[in-house]
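Undergrad: Have a look at the structure that comes next, please.
The values are calculated or read from the model by the stated rules, or taken from the named source; none is laboratory data. In this text, all values refer to a predicted model and were calculated from it rather than measured experimentally. Methodologically, a virtual Cβ is constructed for each residue, glycine included, from the backbone with ideal geometry; neighbour enumeration extends over all protein chains shown.
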Amino acid sequence: MSDLVRVGLAGLGIIARTHLDVLAERADVSLEFTADPGRAGPPDFRGSTPPHYGDLAEALAAHDPDLVVIATPTATHADLTVRALTTSTARVLVEKPLVHDLASLDRLRALDETAGVRGRVFTAHHFAFSPEVRWAERQIAEHPEWGPITSITSAFHDPYVQRGEQAFASYGSAWTDSGVNQLSMLARFVDLAGLSSAYDLDGGASAWCTCEYRSRGERGTARLRTSWLTGSSSKETVLVLGRSGVEVWMDHTAMTGFAARGRDLLASHGDDGRTPRKVAHYRPLYESLLSGRPDPVLGFDTTATLIALHHSAA
Ligand SMILES: NC(=O)c1ccc[n+]([C@@H]2O[C@H](COP(=O)([O-])OP(=O)(O)OC[C@H]3O[C@@H](n4cnc5c(N)ncnc54)[C@H](O)[C@@H]3O)[C@@H](O)[C@H]2O)c1
């Protein structure tokens, strides 16, 4: 018997590259198969190529993986997850967002009794693993005297304007794609309650939403800006702890952060520049998933809460 985790990967687009890079680093993982209808052949994985299929169903008929990774366009996640749940015994790691609408969430939930959805389905909420987020989380936990987080502003910009319709086909909309990153990241800091407003702008290429939350028992509002109308990626979040006058700034693009009060720098977090940003997210994500005690932010229950919030516009 081998202790290797046999992984099957569906979808060989942009983010699959990061999954493959991180999986290739892990001695406890083998790549059992890849599946993608749009590609000629399988990728190189540690110097060889795995069996490749045009369709996940065909791959699952021929293999018995321990983990199926779904890295396909957002609108296909629900169907492929149901396929993996019902025709294999594997756990399933699905790219975020797990589903694109609430009906799909209900469809998955309905399978819990027969297919064990809550123990088998995980969502790649990778932003929750970004180093500056974990740093800021530790700072705030270590400084209860800073008090509650009284307001939050987060802006996520992605350079998808030039990808036009392809961006909508892969990711749905700016809010569908980045809103769930913002919410899963903020869940590290506050108890999210629900959206108090949501505006899809620029035909879905931008959005402006506000989300209510509680922090140390007090209510606050997070202002969330997402947009594809830019030529370069830039993502920042500012947490204001107004009772103490402390602000915690996170630059998610540079993976840096600092805490300040008035003129004083209280703490800072730098990056050595050696690890590509997405690898810095997915390496700890896989460590957690394969540890036997996955972080709850990956689990189905947290995902269901986040998806409900994501679609909870008043
Ligand atoms: N690009 C990123 O930086 C990034 C980061 C994190 C998460 N994600 C998420 O990952 C998912 C994929 O994003 P992407 O950027 O890799 O998209 P992409 O369009 O680059 O790649 C998607 C791939 O899936 C394949 N595909 C389509 N239908 C399929 C099917 N039924 N079975 C197997 N393969 C299929 C396509 O041929 C394509 O190769 C999206 O949900 C996105 O939100 C992307």
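Undergrad: How many of the residues making up the stretch 272-310 are of a type in the set (D, E, K, R), crowded, with 16+ Cβ neighbours inside 10 Å and more than 16 Å from the ligand (Cβ to nearest atom)?
TA: Kept after step one, since they are of a type in the set (D, E, K, R), are these residues of the stretch 272-310: 272, 274, 277-278, 283, 287, 293, 295, 301.
Of the ones still in play, those that are also crowded, with 16+ Cβ neighbours inside 10 Å are 277-278, 283, 295.
In the following step, the residues that additionally are more than 16 Å from the ligand (Cβ to nearest atom) were identified as 295.
The total comes to 1.
Undergrad: Could you run through the stretch 69-119 and say how many residues are within 14 Å of the chain's Cα centre (by Cα) and polar (S, T, N, Q)?
TA: The number of residues fulfilling the criteria is 2.
Undergrad: A follow-up question, please. Give the stretch 212-253 a look and list any residue that's among the basic types (Lys, Arg) and out of contact with any Leu (no Cβ under 9 Å at 6 or more places or on another chain), or say none. Please lay out each step first, then the result.
TA: Just the residues of the stretch 212-253 that are among the basic types (Lys, Arg), to begin with: 214, 216, 219, 223, 225, 235, 243.
Once the filter is applied, which keeps residues that are among the basic types (Lys, Arg) and out of contact with any Leu (no Cβ under 9 Å at 6 or more places or on another chain), the stretch 212-253 yields Arg216, Arg219, Arg223, Arg225, Lys235, Arg243.
Undergrad: On to the next question. Go through the stretch 238-268 residue by residue and tally those that are surrounded by 18 or more Cβ atoms within 10 Å (Cβ to Cβ) and either outside the structural domain of Gln139 (by TED's automatic domain parsing) or assigned to a loop (DSSP other than H, G, I, E, B) (or both).
TA: Matching residues across the stretch 238-268 total 2.
Undergrad: With the condition kept exactly as written, say whether any residue in the stretch 40-52 is buried (at least 21 other Cβ atoms within 10 Å of the Cβ), in the same structural domain as Thr87 (by TED's automatic domain parsing) and not in a loop (DSSP other than H, G, I, E, B).
TA: Within the stretch 40-52, none of the residues are buried (at least 21 other Cβ atoms within 10 Å of the Cβ), in the same structural domain as Thr87 (by TED's automatic domain parsing) and not in a loop (DSSP other than H, G, I, E, B).
Undergrad: Identify all residues within the stretch 220-260 that are basic (Lys, Arg) and within 17 Å of Ile140 (Cβ to Cβ); write none if there are none. Step through it out loud before you land on a result.
TA: Let us first name the residues in the stretch 220-260 that are basic (Lys, Arg), namely 223, 225, 235, 243.
Selection gives Arg243 alone.
Undergrad: Filter the stretch 1-39 down to the residues that are within 13 Å of the ligand (Cβ to nearest atom) and part of a strand (DSSP E or B), then identify the one that is surrounded by the fewest Cβ atoms within 10 Å (Cβ to Cβ).
TA: If we take residues in the stretch 1-39 being within 13 Å of the ligand (Cβ to nearest atom) and part of a strand (DSSP E or B), then Phe33 is surrounded by the fewest Cβ atoms within 10 Å (Cβ to Cβ).
Undergrad: Any idea which of Arg277, Arg293 is of a type outside the set (Asp, Glu), closer than 16 Å to Glu132 by Cβ and not assigned by TED's automatic domain parsing to the domain that holds Ala24? Spell out the reasoning first.
TA: On the way: Arg293 fails: closer than 16 Å to Glu132 by Cβ.
None of the others qualify; the one that does is Arg277.
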